[in-house]
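See structure below.
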Amino acid sequence: MTDLTSECTGSRHLRRTAMLGLSAGLLAMACCGCAMIKASAYFLQPTSETMNAEFKGLEGKQVLIYVWTGPEIAWDYPKLRLDLSAYLGDYLHKKVPKARMVDPLQVERFLEQRNTLEQDPAELGRHFKADVVLHLSVYEFSMRDPEMAHFYRGRLAASIQVYDLAKPEEPQRTLLQDAKVVVPEDAPIGIENTTADKVRQMTYDAFTVQVGKKFHQWERPIE
């Protein structure tokens, strides 16, 4: 009788141990599965998000870019107006479907002939039979900080307005967010390590991309 009781007790112990082992195994598999699901979710999550244009009306349009600079900037950088118009025009021609750019050189020659500090953007657009005028008013441009004469750091900032000339007698004006870049962002570069032309090129490029993205969809990385 004692042997039978011991045998039953041992069987129950084995079953209990087996059940505990099975439960532990199932729990481990569940935890492993959760970890795998989390890992999969991490690697499958999007790395970028689509950003919409601030202004969507350039597709298929004749576009004129008019850059205005103050007298003090124009005196130090007489080619800035033409440079920015050409850079931005080339960018938009590539990024905005069927957008046609008024030749920036023709616009510059016209402005030089007028020899005036102020030009009405809508009037300028009508002269060149443009559908839309992008008016950039540059209020900051420099290659060096005044207190850091031996270092280069490009700074370029402008306000931006769009004139829609669909109704020539009543052009619709849209104000966009200002564009402002500092190049390099982190710190200036010593003059012995680069040239003013290289820094100016990088500043133009950064500014062009920031302004150009206002007129087409683009992907922003998710950090």
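A short reminder: the numbers here are calculations on the coordinates, not readings from a lab. On a predicted model such as this, the values are computed, not experimentally measured, just so you know. Backbone-built Cβ (ideal geometry, glycine too); neighbour counts: all protein chains shown.
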Filter the range 58-82 down to the residues that are under 22 Å from the mean Cα position of the chain (by Cα) and either acidic (D, E) or in a strand (DSSP E or B) (or both) and list them by number.
E59, V63, L64, I65, Y66, V67
If you go through the range 88-104, how many residues are part of a helix (DSSP H, G or I) and crowded, with 20+ Cβ neighbours inside 10 Å?
4
For the range 119-143: of the residues being in contact (Cβ under 8 Å) with a residue 24 or more places away in the chain and in a loop (DSSP other than H, G, I, E, B), which is farthest from L92 (Cα to Cα)?
M143
Could you tell me whether the range 139-160 includes any residue that is surrounded by 15 or more Cβ atoms within 10 Å (Cβ to Cβ), under 18 Å from E54 (Cα atoms) and touching a His at 6+ places or on another chain (Cβ under 8 Å)?
yes
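So that you can scan it fast, the table gives a plain yes or no per residue for (1) free of Cβ contacts under 8 Å to residues at least 60 places away in the same chain; (2) within 19 Å of W68 (Cα to Cα); (3) outside any strand (DSSP E or B):
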residue: K167; (1), (2), (3): yes, no, yes
residue: T174; (1), (2), (3): no, yes, no
residue: D178; (1), (2), (3): yes, yes, no
residue: D186; (1), (2), (3): yes, no, yes
residue: Y204; (1), (2), (3): no, yes, yes
residue: T208; (1), (2), (3): no, yes, yes
residue: E219; (1), (2), (3): no, no, no
residue: E223; (1), (2), (3): yes, no, yes
